[in-house]
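In what follows, a structure is listed as structure tokens, so that the remarks can point back to it.
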Amino acid sequence: MKNLHRARAELVEQELVYSVARFITMRWLAGLGVFAAAWFLGSVIRVPSPVAPLYLIGVVILAYNAVFYFVLRRILRLNRSNTSMFRRLTELQIGLDWMAMTALIHFSGGAESPALFYFFFHIIISAILLSPAATFVSAAAAALLVGATVLLEYTGSLPHVSMFAGPSLYDRPFSVMGVMILFVSALFVSAYLASTISSRLRQREVEALELSRNLQRAYDRIQTLYDSAQTINSTLELQKVLDRIVRRTAGAMNVQACSIRLLDETGTKLLVAATHGLSEAYVRKGDLILAQNPLARQVLANVVIGIPDVRTDERLQYPADALAEGIRSMLSAPLMGKKGPLGLIRAYSADVDHFTDDDVSFLAAMASQGSIAIENAMAYRALGQLDEMKSKFILTVTHELRSPMSVIRSLLRTMVAGYTGALPDSQKDMVKRALRRADFLQTLIDDLLDLAAGKNEMRLKEQRGPVRLDEIVRQVVERHDTEAGEKQLVLEYRLLTADPVTIIATAEGIDRIFNNLVSNAVKYTPGGGSVSVVLDTENGVARVEVRDTGIGIPEDSLNHLYEEFYRAPNAKAQVKEGTGLGLSITKELVLRFGGQIAVQSTVGQGTSFIVTLPSAETRAA
Amino acid sequence: MANEKILIIDDDDDLVHTLRLPLEAAGYIVSRAASGAEGLEKVKTVDPDLIILDVMMDSTTEGFHVSLTLRSPDPSSEYKAYSQIPILMLTSIHTTTTLRFGPDQNYLPVDAFIEKPIDPAELLKKVREYVNK
């Protein structure tokens with residue numbers, strides 16, 4: 001209500017300032033009007049009475065109006081908000097106007113004067129600018145002044161100025177009395193009507209102002225809710241989300257402080273998670289133990305609860321601390337997650353009984369919106385922890401699964417090579433079959449682990465740096481020399497550029513890409529064929545082509561080539577073991593390093609995979 | 001047949017077995033240490049012509065420490081006399097290219113890598129590059 005009073009005072013003040021200025025402007029016209037009338041009466045109609053006093057009255061009016069004009073300008077420059085100054089100025093103006101009017105009436109015929117009607121203007125002005133009581137006082141003053149003048153003229157104490165020829169009104173006492181009674185009653189009726197209308201209008205204006213302020217506040221809150229939704233959800237970091245919620249809530253509700261408490265893992269107490277506007281000491285006062293805190297229990301049961309007066313409420317666990325902090329009232333709303341309560345949000349005010357119904361619904365809205373953001377952030381944090389566990393798991397599995405597999409394969413190879421004594425052909429065949437299955441299992445493990453790692457974007461954290469593409473491709477090709485030799489394949493590596501080829505990637509990733517392509521080429525090319533790997537650079541792009549004269553890829557299969565676990569039918573017929581993961585991993589890696597992969601193939605003639613990767617210089621540019 | 005000595009430092013018995021068979025068949029005298037610490041001891045007693053060193057033993061980088069100790073540039077190092085012995089490091093396929101090595105002390109001080117799984121022919125080829133046979 002304090003605000004409303006102030007609003008009303010401001011309105012009256014503004015009105016005063018504008019009106020005073022307006023009346024000064026009008027008075028210029030009034031002064032000039034008196035001049036014009038004096039001239040008209042004296043020079044055109046040539047009335048018998050002297051017009052010099054009328055000229056004088058005009059001069060006086062213009063003179064004091066000039067004074068008011070400068071005084072007003074000075075006041076406006078100095079201090080705008082001094083209402084009493086404007087009020088005094090208004091009263092002074094009306095008083096001087098009364099004098100001038102009375103003089104004017106006297107010199108223009110007293111009760112006969114047509115200027116009598118001008119008194120009504122001032123009644124209306126008073127009603128607009130002053131209180132109803134002051135308006136009635138004005139009316140009484142006008143009645144007194146005019147009444148006294150007319151009486152004095154009637155009794156002869158003042159000379160009667162007869163404007164026009166003919167019998168004087170003063171010769172007919174009842175006519176004078178009639179004029180005066182009507183004049184005075186008209187003054188009071190106008191005062192009553194004008195002040196009633198004016199105060200009713202002012203009342204409505206204040207109501208309209210209050211309404212528009214309420215609307216503005218409602219709009220501000222909706223805006224805050226909307227903005228909060230945007231900013232709160234713009235991060236998934238839990239602490240940031242919580243901090244933003246408390247800051248925004250305190251700001252929007254215009255309260256001293258705000259806090260969020262979240263349930264701990266045991267669900268038995270609420271721990272402070274974020275605060276705004278609370279002292280360190282208050283924050284550290286202790287946790288809210290649900291068993292000892294009926295208020296918190298109620299809130300967590302999904303009710304918004306206000307504490308209108310901290311001093312008298314017995315539901316608080318730490319009333320003394322709250323009082324010491326300067327908190328007089330509180331409002332708490334539950335933060336409800338999908339699976340139950342997460343905690344509560346609380347707004348603190350320094351005023352007793354601060355919170356309105358609007359505040360209750362606003363805090364509830366903030367709380368439900370905040371809950372979503374908090375839950376998202378919590379889920380994200382849990383995901384991060386899961387991801388970390390996963391990468392640890394993958395590392396462990398990598399070692400624990402790969403090591404024994406590679407030992408098994410080493411043992412079998414030593415056996416096949418004859419170091420354990422010559423094997424009969426039937427046994428050698430069995431061992432070779434076992435070795436082939438073991439090789440396949442190793443590939444499967446490697447591929448699955450790679451895929452798992454890739455799917456989790458774990459490798460985004462990997463250290464990328466400049467790596468020598470030409471060197472890695474050479475090592476990959478050399479790795480397949482033995483196998484190519486056994487199959488009587490020509491395996492060649494051609495480097496068509498003299499400069500070292502550096503790209504930004506990981507050596508392991510690049511090794512994997514070309515190891516997959518070269519090993520496929522060797523695997524699916526029949527004996528007597530050839531596999532060539534050609535590296536060239538053009539316009540800052542490194543281009544590696546792995547071309548073979550192998551079995552080729554059917555047209556139908558080209559579209560599915562990079563799908564996980566897909567294997568072309570002719571590939572399956574040729575080599576039974578295969579995971580169907582190699583090419584999907586290859587493509588993923590190429591894309592990850594900002595490159596592209598393309599394939600051309602004709603069944604029965606051969607296949608060519610072309611990988612392009614931006615060179616380190618291009619990337620830097 | 002000369003009697004060049006090869007020291008295998010590896011904690012995996014099975015793997016040592018696959019290394020030992022072809023090497024002994026080729027006439028090398030093979031000793032074995034099951035940990036980095038034992039390996040460093042045996043370097044002194046055996047004084048091998050070549051060392052085959054695994055990376056992961058008790059710790060995931062134990063092999064790196066062994067190679068760094070043997071090749072320490074410190075003039076007072078007790079392994080100064082053994083710093084010229086060639087070292088072949090056992091690694092898994094695909095990890096080879098991520099390891100940097102060379103004469104520069106900032107890198108891993110080994111001479112070459114042997115990729116697991118062990119292929120006897122590849123193994124002997126690599127060994128012969130460093131030990132005259």
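The values are calculated or read from the model by the stated rules, or taken from the named source; none is laboratory data. Worth saying up front: this structure is predicted, and the values here are computed from it rather than measured. Quick reminder, even Gly has a Cβ in these numbers, built from the backbone with ideal geometry, and neighbours come from all protein chains shown.
Output yes when any residue across region A:315-336 is touching a helix residue (DSSP H, G or I) at 6+ places or on another chain (Cβ under 7 Å), under 24 Å from A:Ser279 (Cβ atoms) and acidic (Asp, Glu), and no when none is.
yes
Which of the residues belonging to region A:496-536 are within 49 Å of the chain's Cα centre (by Cα) and β-branched (Val, Ile, Thr)?
The answer is A:Val501, A:Thr502, A:Ile503, A:Ile504, A:Thr506, A:Ile510, A:Ile513.
Within 13 Å of another protein chain (Cβ to nearest Cβ) and assigned to a helix (DSSP H, G or I): which single residue out of A:Val397, A:Val407, A:Val360 fits that description?
A:Val407
Got a number for residues in region B:25-52 being surrounded by fewer than 17 Cβ atoms within 10 Å (Cβ to Cβ), charged (D, E, K, R) and part of a helix (DSSP H, G or I)?
Summing the residues that are surrounded by fewer than 17 Cβ atoms within 10 Å (Cβ to Cβ), charged (D, E, K, R) and part of a helix (DSSP H, G or I) in region B:25-52 gives 3.
Which of (1) touching a Ser or Thr at 6+ places or on another chain (Cβ under 8 Å); (2) at pLDDT below 80; (3) not basic (Lys, Arg) is the odd one out, the single condition A:Thr149 does not satisfy?
The failed condition is (2).
Name the single residue, out of those in region B:24-53 being touching a helix residue (DSSP H, G or I) at 6+ places or on another chain (Cβ under 8 Å) and within 14 Å of another protein chain (Cβ to nearest Cβ), that is nearest to B:Pro109 (Cα to Cα).
Result: B:Ile52.
Is there a residue in region A:574-587 that is of a type in the set (Asp, Glu) and either in a loop (DSSP other than H, G, I, E, B) or free of Cβ contacts under 8 Å to residues at least 24 places away in the same chain (or both)? Break it down into steps so the answer makes sense when it comes.
As a first pass, look at region A:574-587 and keep what is of a type in the set (Asp, Glu): A:577.
The next check asks that each one be either in a loop (DSSP other than H, G, I, E, B) or free of Cβ contacts under 8 Å to residues at least 24 places away in the same chain (or both); those that pass are A:577.
Yes: region A:574-587 contains one or more residues that are of a type in the set (Asp, Glu) and either in a loop (DSSP other than H, G, I, E, B) or free of Cβ contacts under 8 Å to residues at least 24 places away in the same chain (or both).
For region A:277-292, check the following and say yes or no: at least one residue is β-branched (Val, Ile, Thr) and more than 17 Å from A:Gly370 (Cβ to Cβ). Reasoning before the result, please.
Going residue by residue through region A:277-292, those that are β-branched (Val, Ile, Thr) are A:283, A:289.
Subset that is more than 17 Å from A:Gly370 (Cβ to Cβ): A:283, A:289.
Taking every residue of region A:277-292 in turn, at least one turns out to be β-branched (Val, Ile, Thr) and more than 17 Å from A:Gly370 (Cβ to Cβ).
How about region A:25-47: which of its residues are of a type in the set (D, E, K, R) and in contact (Cβ under 8 Å) with a residue 60 or more places away in the chain? Walk me through it before giving the result.
Step one: filter region A:25-47 for residues of a type in the set (D, E, K, R), giving A:27, A:46.
The one that is of a type in the set (D, E, K, R) and in contact (Cβ under 8 Å) with a residue 60 or more places away in the chain: A:Arg27.
Which numbered condition trips up A:Asp97, out of (1) under 17 Å from A:Met26 (Cβ atoms); (2) in contact (Cβ under 8 Å) with a residue 60 or more places away in the chain; (3) surrounded by fewer than 21 Cβ atoms within 10 Å (Cβ to Cβ)?
(3)
Restricting attention to region A:483-493, report how many residues are surrounded by 13 or more Cβ atoms within 10 Å (Cβ to Cβ) and either assigned to a helix (DSSP H, G or I) or among the small types (Gly, Ala, Ser) (or both).
2
A:Val137 - would you say it is among the β-branched types (Val, Ile, Thr) and part of a loop (DSSP other than H, G, I, E, B)? Talk me through it step by step, then tell me what you get.
Values: among the β-branched types (Val, Ile, Thr): yes; part of a loop (DSSP other than H, G, I, E, B): no.
The answer is no for A:Val137.
State which residue pairs qualify: first residue under 19 Å from B:Glu41 (Cα atoms) and facing another protein chain (nearest Cβ under 9 Å) and inside region B:8-23, second residue hydroxyl-bearing (Ser, Thr, Tyr) and surrounded by fewer than 22 Cβ atoms within 10 Å (Cβ to Cβ) in any location, beta carbons under 9 Å apart, and separation of 6 or more residues or different chains.
That search, which allows pairs on different chains as well, returns B:Asp12/A:Ser403.
Name the residue, out of B:Glu115, B:Glu122, B:Glu62, that is at pLDDT below 90, of a type outside the set (Val, Ile, Thr), over 22 Å from B:Ser35 (Cα atoms) and surrounded by 15 or more Cβ atoms within 10 Å (Cβ to Cβ). Spell out how you get there, then give the answer.
Working: B:Glu115 fails: over 22 Å from B:Ser35 (Cα atoms); B:Glu62 fails: over 22 Å from B:Ser35 (Cα atoms).
Testing whether each residue is at pLDDT below 90, of a type outside the set (Val, Ile, Thr), over 22 Å from B:Ser35 (Cα atoms) and surrounded by 15 or more Cβ atoms within 10 Å (Cβ to Cβ) leaves just B:Glu122.
Residues being closer than 14 Å to A:Ala571 by Cβ and within 14 Å of chain B (Cβ to nearest Cβ): count how many of those fall in region A:518-544.
Going through region A:518-544 one residue at a time, the tally reaches 1.
Using beta carbons and a limit of 7 Å, which pairs, at least six apart or on different chains, have the first residue in region A:498-509 and within 11 Å of chain B (Cβ to nearest Cβ) and the second one among the aliphatic types (A, V, I, L, M) and in a helix (DSSP H, G or I)?
Within 7 Å, the pairs are A:Ala507/A:Ile472; A:Gly509/A:Leu589.
Tell me the residue from A:Ser185, A:Ser190 that is free of Cβ contacts under 8 Å to residues at least 24 places away in the same chain, in a helix (DSSP H, G or I) and not aliphatic (A, V, I, L, M), please.
None of the others qualify; the one that does is A:Ser185.
Would you call A:Leu496 within 26 Å of A:Pro614 (Cα to Cα), loosely packed, with under 13 Cβ neighbours inside 10 Å and not β-branched (Val, Ile, Thr)?
Details: within 26 Å of A:Pro614 (Cα to Cα): yes; loosely packed, with under 13 Cβ neighbours inside 10 Å: yes; not β-branched (Val, Ile, Thr): yes.
Taking the combined requirement at face value, the residue satisfies it.
Might you let me know whether region B:78-88 holds any residue that is in contact with a helix residue (DSSP H, G or I) (Cβ under 8 Å, 6 or more places away or on another chain) and within 13 Å of chain A (Cβ to nearest Cβ)?
Within region B:78-88, none of the residues are in contact with a helix residue (DSSP H, G or I) (Cβ under 8 Å, 6 or more places away or on another chain) and within 13 Å of chain A (Cβ to nearest Cβ).
Among the residues of region A:419-440, is there at least one that is crowded, with 18+ Cβ neighbours inside 10 Å, polar (S, T, N, Q) and farther than 30 Å from A:Ser391 by Cα?
No, because not a single residue in region A:419-440 is crowded, with 18+ Cβ neighbours inside 10 Å, polar (S, T, N, Q) and farther than 30 Å from A:Ser391 by Cα.
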